[in-house]
Amino acid sequence: MKDNRKYGLDIIRIIATILVIAVHFFKNTHYYDTSLNSMPMRVQSIVRNFFMICVPLFILLTGYLNNNKEYNKTFFKKLFNILIIWLFYSFLEYFTIQLINNTHTFNLKDLVFSITSFKASSYSWYIEMYIGLYLLSPIVNNAFDVMNDKNKKTLLIISIITFVLPTAINALFDGILHIPNWWVEVYPLCYYITGKYIRYKNFNFKKKNLILLLIFTQIITFSLSFICNIHYNTITTFISTCIIFFIFYNIDITKRWQQNTLKYFSSISLDIYFVSAIVDYIIYKIFNNQMLIHHIGQAKCIVFAPLVVIIIFILSSAIASIRKLLIKVR
């Protein structure tokens, strides 16, 4: 039987997962407290800004895959399964951090509030955003599907102008020009709509041209970083996200062991994201202490980043695999 699964999408999900772990290296070290005046710190800035495509890749993928979502029992069951995974890691992180910090005073009110305010799991802001986006997706799908080609293209352009363009434009023309930027925090809608549009058009660009465009975009991103913060809702992040998606989404994987590997790690990507918060807490506590003992500053500690990211990915994957055996959802 022919396998119609698009393994390129699994590759994208795994790339996004690794980039999330990688970008958290900067969050958990002293990058944001260190001046970018030196060359090593500027290189770190380039790397960090590129890694910011991690979450946008997830959302773009959601728009691409949630093409036919509609309100039914299956729709709500899938969301319920995701919430079960999130709750598992919320409880796990809450009690693990208490154990590490030797604070054994259990407070039910604090536990309930920590979970419901999406703070028990350190990286659960994503699930807070995702719940709303997921529940709105059938409405967005229906609106998009009834549009003609011209209106679909217009919707995409308006989404870019509304959600991801204002930050860069207002920074470039500060004091001269200002375009409305109220909706920039709703940027997930732009990535979701873009994912749907890519699914609709089924683009196929030459990878050589995409790589050249990606390099050019990173040069622009570096220049732009001097006048504004590069985040998920920055236009260059949006462009880089689309380029990486185009490079990988239609890749054909034929070897069975590669297919199985991609499917497995793709299936635990959400677990890895959540549990990496616990692993980060432990690993970076050790790592930052060692850097302090050996007087190694942020400018030099970046050389250890690949090893740290690999360790966190392996440990997070191991814990995720245990969860999958214990709680058989997703």
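The values are calculated or read from the model by the stated rules, or taken from the named source; none is laboratory data. For clarity, every value in this text was computed on a predicted model and none was experimentally measured. Quick reminder, even Gly has a Cβ in these numbers, built from the backbone with ideal geometry, and neighbours come from all protein chains shown. Surface areas here come from the heavy atoms of the whole protein model, side chains and all, with no ligands, DNA or RNA. Shrake-Rupley method; radii C 1.70, N 1.55, O 1.52, S 1.80 Å.
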Practice item. Would you please name the residue that is nearest to I21 (Cα to Cα), looking only at residues in segment 237-277 that are open to solvent by less than 10 Å² (accessible area, probe 1.4 Å) and among the β-branched types (V, I, T)? Key: I272
Revision key, fill the gap. Residue set N28, N4; condition of a type outside the set (V, I, T), open to solvent by 20 Å² or more (accessible area, probe 1.4 Å) and touching a residue at least 40 places away in the same chain (Cβ under 8 Å); output residue N28
Check your understanding: N68 fails exactly one of the following numbered conditions: (1) free of Cβ contacts under 8 Å to residues at least 60 places away in the same chain; (2) open to solvent by 50 Å² or more (accessible area, probe 1.4 Å). What is the number of that condition?
Key -> (1)
**Study point:** Qualifying residue in segment 74-81 (condition: within 17 Å of I319 (Cβ to Cβ) and open to solvent by 50 Å² or more (accessible area, probe 1.4 Å))
**Key:** no
Review point. Looking at (1) within 23 Å of F163 (Cα to Cα); (2) not in a helix (DSSP H, G or I), can you tell me which one T254 breaks?
Key: (1)
Practice item. Give me the pairs, please: first residue somewhere in segment 226-251 and outside any helix (DSSP H, G or I), second residue anywhere and basic (K, R), beta-carbon distance under 9 Å, and either six or more positions apart or on two chains. Key: I230/R48; Y249/K6; N250/K6; I251/K6
Point to revise | Odd one out for I296, checked against (1) at pLDDT below 95; (2) closer than 30 Å to S223 by Cα; (3) part of a helix (DSSP H, G or I) | key: (3)
Check your understanding: Consider F287 against the criteria (1) open to solvent by less than 60 Å² (accessible area, probe 1.4 Å); (2) closer than 28 Å to L155 by Cα; (3) among the hydrophobic types (A, V, I, L, M, F, W, C): it satisfies all of them except one. Which criterion is unmet?
Key -> (2)
Exercise for review: Can you give me the number of residues within segment 115-134 that are over 23 Å from Y64 (Cβ atoms), in a helix (DSSP H, G or I) and touching a residue at least 12 places away in the same chain (Cβ under 8 Å)?
Suggested key: 1
Exercise for review: With respect to L92, determine if the residue is in contact (Cβ under 8 Å) with a residue 60 or more places away in the chain, of a type in the set (A, V, I, L, M, F, W, C) and in contact with a helix residue (DSSP H, G or I) (Cβ under 6 Å, 6 or more places away or on another chain).
Suggested key: no
Exercise for review: May I ask you to verify whether I302 is open to solvent by 10 Å² or more (accessible area, probe 1.4 Å), among the β-branched types (V, I, T) and modelled with pLDDT of 95 or more?
Suggested key: no
Practice item. Quickly run through segment 88-114 and pick out the residues that are more than 21 Å from I268 (Cβ to Cβ), aromatic (F, W, Y) and either within 22 Å of the chain's Cα centre (by Cα) or not in a helix (DSSP H, G or I) (or both). Key: F106
Practice item. Could you look through segment 171-199, keep only residues that are assigned to a helix (DSSP H, G or I) and open to solvent by 20 Å² or more (accessible area, probe 1.4 Å), and pick out the one that is nearest to G8 (Cα to Cα)? Key: R199
Study note, to complete from the structure: Scanning segment 35-44 residue by residue, the ones that are surrounded by fewer than 19 Cβ atoms within 10 Å (Cβ to Cβ), touching a helix residue (DSSP H, G or I) at 6+ places or on another chain (Cβ under 7 Å) and not in a loop (DSSP other than H, G, I, E, B) total 2
Study note, to complete from the structure: So, first residue within 11 Å of I268 (Cβ to Cβ) in segment 9-20, second residue aliphatic (A, V, I, L, M) and part of a helix (DSSP H, G or I), Cβ within less than 7 Å, six or more apart or across chains; the pairs are R13/L61; I14/L262; T17/I272
**Study point:** So V55, is it open to solvent by 30 Å² or more (accessible area, probe 1.4 Å) and either assigned to a helix (DSSP H, G or I) or in contact (Cβ under 8 Å) with a residue 12 or more places away in the chain (or both)
**Key:** no
Exercise for review: With the condition kept exactly as written, say whether any residue in segment 316-328 is under 30 Å from N37 (Cα atoms), surrounded by fewer than 19 Cβ atoms within 10 Å (Cβ to Cβ) and not small (G, A, S).
Suggested key: no
